[in-house]
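Participant: Here it is, the structure, as structure tokens.
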Amino acid sequence: MYEVYALKYGERDTTACQFFYREPSHEPITLHFYVWLILGGSHPVLVDAGCREADAAQRGIRHYVNPATMVQRVGVRPADIPTVLISHLHWDHWAGHSLFPSAEFWIQRDEVEFWTGPVARFELYRQLANATALGELVTLNYGGRIRLVEGERQVLPGLRVHWVGGHTAGLQIVSVETGRGRVVLTSDASHFFRNVERRWPTQIITNLPQMLAAFDTIDALAGPERLVVAGHDPEVADRFKPTEPGIIRIA
Ligand SMILES: [Zn+2]
């Protein structure tokens, strides 16, 4: 059985109308930025790589802590992580890849095709990525460190990735069997709990019907225990168990 931790590496303020799809309210909201660590299998598995200090400074992230430092605080050396599951290639999930120097990165093929394809150059999408970090995909691939996956795949027994798309072309979510039930790490398929719980999309999308269908996929995977972990919601710390500042034990 696995243990799952949400590790917070920064935060940023915005407003509801800037974030949720056609939302009229100017209510201030705060995004928390996380990576997620899965222990208890044959080796540790990380979900997402976060970003580096330069990205954090450039994007106005407050209280930035290097995601590798957060991983160390749970007792895992970043160089000892052989597998990092990348939910998608936005800067806050991919730009920190070099913090995990031994890892193979699992990414959906649709995601790589989108960011190397004809639409990514438009400012609307380009601004969401770190172009240098995207370029490094090629070098990492030639070094045997990129595993392109399609659809649903087992990572380890009881630990799977599932393509959902919607927010990005190849967004994938993660399901993990734990002693408390099956945990679903939604990443940006549901930035906040209100996305999946009210079927309310965010504004950042490549395909709106896919984003709506992803909410159904999250619910179908979650089962009766409802161990759903939203991707950027400060409420993760209220719904699950913080063990020390920035470290939240999910299961
Ligand atoms: Zn994100």
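The values are calculated or read from the model by the stated rules, or taken from the named source; none is laboratory data. Given the structure is predicted, the values throughout are model-derived calculations rather than measurements. With ideal geometry, Cβ positions are generated from the backbone for all residues, glycine too; neighbour counts draw on all protein chains shown. Quick note on the areas: whole protein, heavy atoms, side chains included, nothing else; ligands and nucleic acids left out. Shrake-Rupley method; radii C 1.70, N 1.55, O 1.52, S 1.80 Å.
Participant: Scanning segment 1-43 for residues that are open to solvent by less than 70 Å² (accessible area, probe 1.4 Å), in contact with a helix residue (DSSP H, G or I) (Cβ under 7 Å, 6 or more places away or on another chain) and not in a strand (DSSP E or B), which turns out farthest from the ligand (Cβ to nearest atom)?
Facilitator: SER25
Participant: Another one. Provide a single number: the residues in segment 75-104 that are within 16 Å of the ligand (Cβ to nearest atom) and in a strand (DSSP E or B). Show your work before the answer.
Facilitator: Let us first name the residues in segment 75-104 that are within 16 Å of the ligand (Cβ to nearest atom), namely 84-97.
Then drop every residue that is not in a strand (DSSP E or B), which leaves 84-85.
Residues flagged as within 16 Å of the ligand (Cβ to nearest atom) and in a strand (DSSP E or B) within segment 75-104 amount to 2.
Participant: Looking at this structure, is VAL176 closer than 20 Å to ARG109 by Cβ, within 15 Å of the chain's Cα centre (by Cα) and part of a strand (DSSP E or B)?
Facilitator: Answer is no for this residue.
Participant: Failed condition for ASP188, given (1) acidic (Asp, Glu); (2) open to solvent by 50 Å² or more (accessible area, probe 1.4 Å); (3) within 16 Å of the ligand (Cβ to nearest atom), with all others met?
Facilitator: (2)
Participant: Now for a different question. Among the residues of segment 208-239, which ones are crowded, with 22+ Cβ neighbours inside 10 Å and either among the small types (Gly, Ala, Ser) or in a loop (DSSP other than H, G, I, E, B) (or both)?
Facilitator: ALA214, ALA230, GLY231, HIS232, ASP233
Participant: Please indicate, with yes or no, whether at least one residue in segment 97-111 is of a type in the set (Val, Ile, Thr) and without any contact (Cβ under 8 Å) to a residue 24 or more places away in the chain.
Facilitator: From segment 97-111, those of a type in the set (Val, Ile, Thr) are 107; that's our starting set.
Next, only the ones that are without any contact (Cβ under 8 Å) to a residue 24 or more places away in the chain stay: none.
No: zero hits.
Participant: Which pairs do you get when a residue that is closer than 26 Å to ARG180 by Cβ and at pLDDT below 95, found in segment 1-15, comes within reach of a residue that is open to solvent by less than 20 Å² (accessible area, probe 1.4 Å) and in a strand (DSSP E or B), reach meaning Cβ atoms under 8 angstrom, with the pair 6+ apart or on two chains?
Facilitator: Here the result reads MET1/THR178, each pair linking segment 1-15 to a residue that is open to solvent by less than 20 Å² (accessible area, probe 1.4 Å) and in a strand (DSSP E or B).
Participant: Still on this model: Looking only at segment 205-226, how many residues end up being more than 28 Å from ARG126 (Cα to Cα) and either within 16 Å of the ligand (Cβ to nearest atom) or touching a residue at least 12 places away in the same chain (Cβ under 8 Å) (or both)?
Facilitator: Looking only at that region, the number is 6.
Participant: How about segment 124-138: which of its residues are open to solvent by less than 100 Å² (accessible area, probe 1.4 Å) and of a type outside the set (Phe, Trp, Tyr)?
Facilitator: Result: GLN127, LEU128, ALA129, ASN130, ALA131, THR132, ALA133, LEU134, GLY135, GLU136, LEU137, VAL138.
Participant: Mind checking which residues of segment 195-204 are open to solvent by less than 50 Å² (accessible area, probe 1.4 Å) and either assigned to a helix (DSSP H, G or I) or away from the ligand (no atom under 13 Å from the Cβ) (or both)?
Facilitator: Listed by number, the residues that qualify are ASN195, VAL196, PRO201.
Participant: Applying the selection to segment 167-185, what residues are open to solvent by 10 Å² or more (accessible area, probe 1.4 Å) and under 13 Å from HIS88 (Cα atoms)?
Facilitator: Once the filter is applied, which keeps residues that are open to solvent by 10 Å² or more (accessible area, probe 1.4 Å) and under 13 Å from HIS88 (Cα atoms), segment 167-185 yields only ALA169.
Participant: Something else about it: Out of curiosity, is ASN66 touching a helix residue (DSSP H, G or I) at 6+ places or on another chain (Cβ under 8 Å), at pLDDT 95 or above and either open to solvent by less than 10 Å² (accessible area, probe 1.4 Å) or within 16 Å of the ligand (Cβ to nearest atom) (or both)?
Facilitator: No: the conditions fail for ASN66.
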